[in-house]
Amino acid sequence: MNLSKISVERPVFAWMLMSALIIFGAICFGRLGVSLLPDVEVPSVFVQVSWPGAAPEVMETEIVDQMEQALVNVSGIKNLNSTIFQGAAQIVLEFVPGRNADAALLEVQTNINRVRLPLEVERPLILKVNPSDQEIMWIGVSSEEWSLLELTVYAERFLRDKFQVLPGVGQLILSGFAERNLRVWVDHDKLAELDLTILDVQNALQTQHIEQAAGILENNQQEINVRLMGEGLTPEQVGAILIKQRGGQPIQFGNPSAGCGPGGGRAE
């Protein structure tokens, strides 16, 4: 006995059954939950490689092409996008939904380690990316009286803490401003006159323009941390740094009139 035979022999029962299905279906449809922003996890892996000073064409031929050939063997890849900059490259791998993100990250890392990169290339940065962690709101700050530097200091020291403690805030990102920096312009004619190179200037800044711990002084009553205050706080202090080595060797003698005494040349 099947449903069609029951419906022919007992039409009233068939109508009641169909009416019950329609009524209860309409009730369930009205109570069906619908999410405007469903939680769909799309596993993605982000790879960043840095090679300071390399042109985009060199980054493409020497690094990106080799990495792409190694990454195409990773299972479950949906999209692979590469972006190349001056001295850096980024590769974003998007996997099919349902792919285990941790397993994909491990497989990507294994394939990247097989690529032979130039010695000057920094170690690739491989991260697991969750699209749901992206920012959802940007707030702009402007002023007609304050400068950009004053706005930056105010946002870092006051606004950051105010927004960070708000309920539901997971991460706060500050951007849109340039960080303070000091640029050193080198006079190549003076370097040639003193038989110095740009590497000598770089070595002088790296070894003398630093601030580091210098040990501890202690006695029976107190303990004092000693800190070496070697960073120049003003452009004049940075310009007063002496170049004490030429080609990695100490400078013993020099011509004072040329700006290079027994202690070395002066970075200007």
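GLY53 passes every criterion in (1) outside the structural domain of ILE112 (by TED's automatic domain parsing); (2) exposed (fewer than 10 other Cβ atoms within 10 Å of the Cβ) apart from (1).
For region 148-207, filtered to residues that are in a helix (DSSP H, G or I) and touching a strand residue (DSSP E or B) at 6+ places or on another chain (Cβ under 7 Å), the residue that is farthest from MET229 (Cα to Cα) is ASP200. Residues of region 56-84 that are closer than 17 Å to LYS128 by Cα and either surrounded by fewer than 10 Cβ atoms within 10 Å (Cβ to Cβ) or hydroxyl-bearing (Ser, Thr, Tyr) (or both): SER75, ASN81, SER82.
Among the residues that make up region 118-127, is at least one of them under 18 Å from GLU41 (Cβ atoms), touching a residue at least 60 places away in the same chain (Cβ under 8 Å) and touching a Leu at 6+ places or on another chain (Cβ under 6 Å)? Looking through region 118-127, none of the residues is under 18 Å from GLU41 (Cβ atoms), touching a residue at least 60 places away in the same chain (Cβ under 8 Å) and touching a Leu at 6+ places or on another chain (Cβ under 6 Å). Scan region 83-125 for residues that are within 21 Å of VAL72 (Cβ to Cβ) and assigned to a loop (DSSP other than H, G, I, E, B) and report the count. So the answer is 11.
More than 24 Å from ILE126 (Cβ to Cβ) and part of a loop (DSSP other than H, G, I, E, B), is that true of GLY33? Here the answer is yes, as GLY33 does meet what is asked. Before we move on, is ALA104 under 20 Å from VAL129 (Cα atoms), touching a helix residue (DSSP H, G or I) at 6+ places or on another chain (Cβ under 6 Å) and not polar (S, T, N, Q)? Taking the combined requirement at face value, the residue does not satisfy it. Among the residues of region 42-66, those that are closer than 30 Å to PRO97 by Cβ and in contact (Cβ under 8 Å) with a residue 12 or more places away in the chain comprise VAL42, PRO43, SER44, VAL45, PHE46, VAL47, GLN48, VAL49, ILE63, VAL64, GLN66. Can LEU182 be described as outside the structural domain of GLY247 (by TED's automatic domain parsing) and in contact (Cβ under 8 Å) with a residue 24 or more places away in the chain? When the stated conditions are applied, LEU182 passes them.
The values are calculated or read from the model by the stated rules, or taken from the named source; none is laboratory data. Because the structure is predicted, anything quoted here is derived from the model rather than measured. Methodologically, a virtual Cβ is constructed for each residue, glycine included, from the backbone with ideal geometry; neighbour enumeration extends over all protein chains shown.
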